[in-house]
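What follows is calculated from the coordinates using simple rules that are stated; it is not laboratory data. On a predicted model such as this, the values are computed, not experimentally measured, just so you know. No Cβ is skipped: glycine too gets one built from the backbone with ideal geometry, and neighbour counts run over all protein chains shown.
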Amino acid sequence: MKFCNIDINITNKQELLRKTNQGVKCIVTVNAQIIVYANEDQRLLKFINKNYATLDGEVPLKVAKILYPDFRKVVKLSGSDIVYDFCNYAKKTNLKIFFLGGKEDSVKNAVKNIRKKYGIQVEGFSPEYEDYPFSEKFIKNCQVSIKKFQPDILFVGFGAKKQEYFMEDNQVFFEECKVQYVIGSGGTVDFVSGKIKRAPKYISKIGLEGFYRFFQEISFERAKRIGISFRFLKYIC
């Protein structure tokens, strides 16, 4: 199903966890910001449309359900929610999870919290911040940490576009390491670590989760992201 020129091909949790016969399953959680970026960047759009995408964000989902009957059974699947679905799945199937990206304290606490709650094999790595294109040192450090742990499920939290570019650039590497799932996860590790509180369900249901986080981390960058997100409306077709 197509929404704002993006193929949404994961519509529920069963499809999310389903394995493929085509190597690594790269998953993009498509929120309003990603919709805008993808429509302004053909590389990003092509990457999403040749891999797997969930619809994230209450407002885009509500709009899609109003405009397109096929979307009425689609479930919102955001990185900060599906991380726990993958943890449960990893526990049942004895798989390993790796968190890549985010601040060092967030990664450490996220790993500790997941180990305590699920009793699974989980590790993480926080590379020094860089803009894209990443340096050879950055890529090598990430690859070494992944190869050492050999995860089955990899969450990449570099932020929109950067994490998707990293996923595309390293898809062959992931397959060589036998990673089964790679998920672009944005700031999910901050929620898992407990550093940032998730918005209450009633806030999320009315599409104000971004504002809720903004008031926890007030910054120009967060305000800019909210402004960008509203632009997704121009790509509805």
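General remarks:
- Net length gained if the chain between Glu221 and Lys108 were fully extended (0.36 nm per residue, minus Cα distance): 38.2 nm
- Nearest-ten-degree value, helix 220-230 long axis tilted from longest Cα axis of the chain: 50
- Gained length - Glu128 relative to Phe211, 0.36 nm times residue gap less alpha-carbon distance: 27.1 nm
- Computed extension gain for Asn9 through Asp70, at 0.36 nm per residue and net of the alpha carbon distance, reaches 20.8 nm.
- For the stretch 65-82, 3J(HN,Hα) per residue [Karplus equation, 6.51 cos²θ - 1.76 cosθ + 1.60, θ = phi - 60°, Hz, x = Gly/Pro]: 5, 6, 7, 10, x, 4, 8, 5, 9, 6, 9, 5, 10, 9, x, 6, 9, 6
- What the Cβ-Cβ distance of Lys19 and Gln143 gives, at R0 = 22 Å and to the nearest 0.05, is a FRET efficiency of 0.40.
- Flagged links, alpha-carbon separation over 32 Å, of Lys46/Lys73; Lys2/Lys137; Lys76/Lys112; Lys2/Lys103; Lys13/Lys161; Lys46/Lys117: Lys2/Lys137; Lys2/Lys103; Lys46/Lys117
- Here each label is just a point 7 Å from Cα along the line to Cβ, and for Arg198 and Tyr118 those points are 1.3 nm apart.
- Electrostatic dipole magnitude of the chain [Cβ: Lys, Arg +1; Asp, Glu -1; Cα centre; debye, to 20]: 840
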